[in-house]
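The values are calculated or read from the model by the stated rules, or taken from the named source; none is laboratory data. If you're wondering where the values come from, they're calculated on a predicted model, not measured in any experiment. Note that each Cβ is placed from the backbone with ideal geometry, even for glycine, and that neighbours are counted across all protein chains shown. Quick note on the areas: whole protein, heavy atoms, side chains included, nothing else; ligands and nucleic acids left out. Shrake-Rupley method; radii C 1.70, N 1.55, O 1.52, S 1.80 Å.
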Amino acid sequence: MSLKRKDLLGLKELSKEEIGLILDTAISFKEIASREIKKVPTLRGKTIINLFYEASTRTRTSFELAGKRLSADVINISQAGSSVSKGETLLDTARNIEAMNADMIVIRHASSGAAEFLARHVKSSVINAGDGAHEHPTQGLLDLFTIREKLGRIEGITVAIAGDIAHSRVARSNIYGLTKLGANIRVIGPPTMIPKGIEAMGVSVHHDLKEGIRDVDVIMMLRIQLERQGKGLFPTIREYSEIFGLSKEKLKWAKSNALVMHPGPVNRGVEIMPDVADGLSSVILDQVTNGVAVRMAVLFLLSGQPSPAG
Amino acid sequence: MTITLYEKVICDRAGINRSLSRIAHEIIEKNKGTQNLALVGIRTCGVHLAQRLKKKIFEVEKVEIPTGTLDITLYRDDLGSKKAPPVLKTTEIPFDVNDKVVVLVDDVLFTGRTIRAALGSLLDYGRPRAVQLAVLIDRGHRELPIRADFVGKNLPTGKDEKVKVLLEEEGEDDRVVILHSRREDREKPA
């Protein structure tokens, strides 16, 4: 079995088997991180470009480490300090990168669909590292990997995703991935943050945190995007935090062994209280560790394609 | 499409067992005992053969030799040329390889490229005092300067023949067969 595609743009188009293959492959890559020499020669001679049009610490570092541990050459391009700030279009930048024979382009962009647009126009493999409010497939995959690792299965479990669902690419990727693997999903948030008609994606909607996390196996908290404050989504941060912020007391409403996840960056004291983020239920740092292994698996499986040069 | 022209059994259950018994004794003899000895099987068949050797060495010396498993996929030199990457399994080396005498175990020694990859992988775990190689079948046609220290059977073969080791652990009757087959798309053997 293999991943017979050029690009990874979202979890929506992946089959259950393809997701399973990526997660299984990632198990082997996780072992490499525990070695003294955390590097294998697999992608020697391949070039990976990280093209980041939005700020990122975790995802960019994670992709960079993943590429480097596979011996690929990794170059980072960010908006500041590149000709992007001189007004070059996305397509022109990408074509120039391709002209330098890059094998893979990892892109993060504020516009939904940017990765797909790129994939259509370049021969290099394109990996979506987050496009607008559309998808963030590798985050979804590392969340699936972490849940499967901690709970042993995904089929039949119940996952609550709480926060600004409407603007969250993490939520969308997770909903696609989790439903394909047979989990039940609840989304929780104020009505302003839940898109209309989201039930069609196979989730149930809750506006009350207590009712939403009752008996769930996993609680996924989303970051409240502080830059959106004042746009009428919620009155004040303090009020949001009172009602939807996950505290130690509120966590008791879920199963006693429920996992608490967060894609980062965490706003401590807003959507999640420090004692929960650092508590025993929290797997937030496991998510980060697993992210590198999952991204290595994705790079490895996509590299089975003939290189653009050959 | 593969058309098998003929298939011949070279070695049966008893034959495999006798070869492994002799190899086990040779390993002990060459290393003057089991001090610092470790076995590492190369996936998939080498792993089972390493386990069998471990058992045989235990029967003779009453010592449990540390035994590991190597998946060489990430170290192959033909990854880019394959249409699909092979399925990746885990590597498990549950002991410190530094200063050990590691005996690599594989089923068939052919071009030597698998062993080259295995050496690369093993040496990333540390610096063994020595690495030795045990194979059930040496079929010739080396493409690299590699030779085995312990050989079950030397088997002269044609380059387009295939040698397969089938084992109980994989749900087969123990045997070694030689196949002459022709593929329409003429893929090179790994």
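Among B:3-14, B:155-166, B:63-74, how do they line up by average Cβ neighbours within 10 Å per residue, starting with the highest?
Values: B:3-14: 11.9, B:155-166: 16.2, B:63-74: 20.2.
Answer by packing, highest mean first, reads B:63-74, B:155-166, B:3-14.
Taking the Cα centre of chain A as reference, the dipole from Cβ charges on Lys and Arg (+1) and Asp and Glu (-1) amounts to some 400 debye. Taking each of A:Lys39/B:Lys30; A:Lys30/B:Lys159; A:Lys46/B:Lys89; A:Lys4/A:Lys231; A:Lys6/A:Lys180 in turn, the alpha-carbon distance tops 31 angstrom for A:Lys39/B:Lys30; A:Lys30/B:Lys159; A:Lys4/A:Lys231.
As a test, work out the antiparallel percent of DSSP beta bridges whose residues both lie in the protein assembly as shown, rounded to the nearest 5.
Roughly 20 percent of the beta bridges in the protein assembly as shown run antiparallel, per DSSP.
The alpha carbon centroids of the range B:101-142 and the range A:139-176 are separated by 42 Å.
Taking a ≥ b ≥ c as the square roots of the eigenvalues of the alpha-carbon gyration tensor, the protein assembly as shown is classed prolate because a/c is 1.5 or more and a/b outweighs b/c.
When the helices in the protein assembly as shown are scored as -39500 (n - 2.57) per DSSP H run of 4 or longer and the sum is shared across all residues, what 222 nm value do you end up with, to the nearest 500 deg cm²/dmol?
On the way: 14 runs with 160 residues, N = 500.
One gets -10000 deg cm²/dmol as the mean residue ellipticity at 222 nm.
Note on A:Glu116: accessible area is roughly 90 Å² with a 1.4 Å probe, heavy atoms of protein only.
The value of relative contact order for the range B:104-175, using C-alpha pairs under 8 Å at least six residues apart, is 32 percent.
How high is the relative contact order of chain A, in percent, counting Cα pairs under 8 Å that sit 6 or more residues apart? Mind showing how you got there, number by number?
Details: 578 pairs, mean separation 65.2, N = 310.
Contact order relative to length: 21 percent.
Near A:Asn76, once Lys and Arg are set to +1 and Asp and Glu to -1 for all other residues with Cβ below 12 Å from its Cβ, the sum equals +1. For the pair B:Phe95 and A:Glu242, a Förster radius of 56 Å applied to the C-beta separation gives a FRET efficiency near 0.55, rounded to the nearest 0.05. Heavy-atom accessible area, probed at 1.4 angstrom with all protein chains present, ranks B:Phe110, A:Phe117 as A:Phe117, B:Phe110, highest first.
The string of couplings for the range A:42-59 from the Karplus curve (6.51, -1.76, 1.60, θ = phi - 60°) is 3, 9, 4, x, 8, 10, 10, 10, 8, 10, 10, 8, 10, 4, 6, 9, 4, 5 Hz, one whole number per residue in order, with x for Gly and Pro. Charge tally for A:Ser111 (other residues, Cβ to Cβ under 13 Å; Lys, Arg +1; Asp, Glu -1): -2. Taking a Cβ cut-off of under 15 Å around A:Thr57, the surrounding Lys, Arg, Asp and Glu residues balance to a net charge of +3, with basic ones at +1 and acidic ones at -1.
Along the axis of the charge dipole computed for chain A (Cβ charges of +1 for Lys and Arg, -1 for Asp and Glu, origin at the Cα centre), the listed residues A:Pro195, A:Tyr53, A:Thr158 are led at the positive end by A:Tyr53.
Across chain B, Cα pairs under 8 Å and at least six residues apart give a relative contact order of 28 percent. When only alpha carbons are used to place a centre, the range A:60-99 and the range A:1-42 end up 21 Å from one another.
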